[in-house]
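The values are calculated or read from the model by the stated rules, or taken from the named source; none is laboratory data. Only a predicted model underlies this, so the values are computations on that prediction, with no experimental measurement involved. Cβ placement follows ideal geometry from the backbone for every residue including glycine, while neighbour counts extend to all protein chains displayed.
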Amino acid sequence: MSKKFSLTVLILAIALFIPSACKQAETETAAADAAKADGSLAAMPVKIETVAPRRISEKLIYTGLVEAGRKINITPETGGKVARILVEEGQAVRKGELLAELDTSSIRLQLQQAEAAAAVAEANAKNAARNKERMDRLAAEKAVSETQVEQVKLADEAARAQVAQASAAVDLAKHALDQAVMTAPWSGVIASKNAEVGDVINPMMGGMGAAGGVVTLVDYSRVKIVVEVSQSDISRLARGQKATVMAGSDEATGTVTVVNLAADPLSKKFRVEIMADNPGLVLRPGTFGSVVFEVNSHENALAVPQTAVLSDSFVFVVENGKAVKRPVVLGLKNTTLIEIVEGLKEGDRVIIEGNYGLVEGTPVEIKG
């Protein structure tokens, strides 16, 4: 009897609970739907940017090797043995500073020999000039024949020619002596030593091997960077155009100096050369750098971050706490921004983060 009574009580309790639970669930569902309808539930966090006029530039970026603006192999015009090298690699030198010197013993002997020959020629020329003066007086008195006069005249001319020849020999020896002393033609840095004391220099044989010269001097105050440009971009570049040269966090402003209109037969690329001032030597030759060419720009454009544009055709803006889809027409584009020609106006709040997966009318919450 007791068991039947307990079972009856349990059944009655379940019967009373089920309608109550169902009613509560319906109430919660209705509340959730109402909350969703008024935008207070599941608002998507987004980041926005207010549209305002700005400058946008279209840029081309290429990479090339940074080189010294000037480079020269210091080689004497005359041959000889290296007697002294007064600089080391990496040393900064000033214009006119002595860098190296050849053994000048033989050159000085040649100069002494030339000067002695010049002295003899001068003496012979003076004697020939006096003979000509006497002969001219005798010729005026009809005391000598025309043949004698002509012979003395030719002797005088030959003596003067010998003076000129001897003087040239002296100048040549002095020039060789000057060339034996090698100085810096401009201020720069010694990039390499290509010879040692005791090496024999023979300029007629191409100097000292492949490197050439006794030392190599470079000027880092200006740098050169050469890039290979594609066929589609070469028509957008011209001599005199400004460019920015960047190596790591360092950069300098440069100018396009060479635009080769003939493509390399193998790479089918076009060689473009840029020269840039390098204050503080922040750009290091021998390293790779990027060159940024600004090929087009618009002032006061309505430009937004590229992340705002979806499928290259639309953006989302925030209106009354909801995402509103706007079709757009695009203009210039660079690495970060894109111009909106149609579809946005100044003051619009465009979503730049959190816009993926949004649909028209989704409640949004502005973050950041």
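Summary of values
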read-out: Phe316, sole failed condition from (1) at pLDDT below 90; (2) crowded, with 19+ Cβ neighbours inside 10 Å; (3) out of contact with any Ser or Thr (no Cβ under 7 Å at 6 or more places or on another chain); value: (1)
read-out: Test: Val144 is over 30 Å from Glu88 (Cα atoms), in contact with a Leu (Cβ under 6 Å, 6 or more places away or on another chain), of a type outside the set (Lys, Arg) and surrounded by 13 or more Cβ atoms within 10 Å (Cβ to Cβ); value: yes
read-out: Considering residues of the range 159-202 that are part of a helix (DSSP H, G or I) and of a type in the set (D, E, K, R) only, the residue nearest to Val120 (Cα to Cα); value: Arg160
read-out: Val82 being in the same structural domain as Lys193 (by TED's automatic domain parsing) and in a strand (DSSP E or B); value: yes
read-out: Exclusive hit being under 22 Å from Arg54 (Cα atoms) and touching a Ser or Thr at 6+ places or on another chain (Cβ under 8 Å), set Glu353, Glu342; value: Glu353
read-out: Lys269 being within 24 Å of Ala52 (Cα to Cα), touching a residue at least 24 places away in the same chain (Cβ under 8 Å) and either surrounded by 12 or more Cβ atoms within 10 Å (Cβ to Cβ) or not hydrophobic (A, V, I, L, M, F, W, C) (or both); value: no
read-out: Residue within the range 29-39 that is among the charged types (D, E, K, R), at pLDDT 90 or above and either outside the structural domain of Ala173 (by TED's automatic domain parsing) or under 30 Å from Ile366 (Cβ atoms) (or both) present; value: no
read-out: Residue count for the range 297-329, restricted to those that are outside any helix (DSSP H, G or I) and more than 32 Å from the chain's Cα centre (by Cα); value: 21
